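> Sharing a structure with you now.
The values are calculated or read from the model by the stated rules, or taken from the named source; none is laboratory data. What you see is a predicted model, and the numbers here were worked out from it, not measured in a lab. Every residue, glycine among them, receives a Cβ derived from its backbone with ideal geometry; neighbour counts consider all protein chains shown. Just so you know, the surface numbers come from the protein's heavy atoms only, side chains and all, with ligands and any DNA or RNA stripped out. Shrake-Rupley method; radii C 1.70, N 1.55, O 1.52, S 1.80 Å.
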Amino acid sequence: NFDPLAIAPELLKLGTEGIMRREPRLPHESDRRRSSRFPLPTELEFRVLSRNAAGETGSGRVVNVSGGGVLFETEKPPDSGTRVKLSIPWPVKLNQKCNLKLVVEGRIVRRYDKGVAVEFEKWEFRTQGSPDLANHSVLL
């Protein structure tokens, strides 16, 4: 299971600066979510993996991320049930030097207007931005 804080504890520090903090839940709210949601104000790119529209690409804006998935908005959301691959710039650098991106494969489990909820099937961090390190997987 993906846990943004376990993988990058620096996110707690970022949260105090308003970049990323746990979304609060009110005591009277019933919430079936298994994981806390964290706002992540960044763009993302996606590619459709499902056979009916394989190779179709798009971009959007992350609303939040959790241990089980990501919610994002896009102008042309793919249909529910579609498998997608997402590339999300990560706000914490590897060794405070190298930019990272979160690469996720998952299935769209919910769609509304421009919103898309993707449940993670697999994920990994990759380096980005440095020609000699670009697209290498990172074990954290």
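> Under a point-charge model restricted to the Cβ atoms of Lys and Arg (+1) and Asp and Glu (-1), what is the dipole moment magnitude of the stretch 38-77 relative to its Cα centre, in debye to the nearest 20?
For this selection, approximately 140 debye.
> Can you list residues whose amide H is under 5 Å from residue 36's amide H, if they're 5+ apart or on another chain and H is modeled 1.01 Å from N?
Residues meeting the amide H criterion: 67.
> What lysines sit close enough to residue 93 to cross-link, taking a C-alpha to C-alpha distance under 25 Å and skipping anything fewer than 8 places away on the same chain?
13, 85, 101, 122
> Follow-up. How much net charge surrounds residue 58 when only other residues with a Cβ under 9 Å from its Cβ are counted (Lys, Arg +1; Asp, Glu -1)?
That works out to -1.
> Describe numerically, in nm with one decimal, the distance between label points set 7 Å from Cα along Cα→Cβ at residue 119 and at residue 59.
A separation of 3.0 nm, rounded to one decimal place.
> Residue 108: net charge of surrounding residues, Cβ under 9 Å, Lys/Arg +1, Asp/Glu -1, itself excluded?
+2
> Going by accessible area, probe 1.4 Å, with all protein chains left in place, what is the ranking of 80, 87, largest first?
The ordering from most to least exposed comes out as 80, 87.
> Here's a follow-up. At 0.36 nm per residue, and after removing the present C-alpha to C-alpha distance, how many nm does the segment from residue 109 to residue 73 gain when stretched out fully?
Answer, rounded to one decimal: 11.6 nm.
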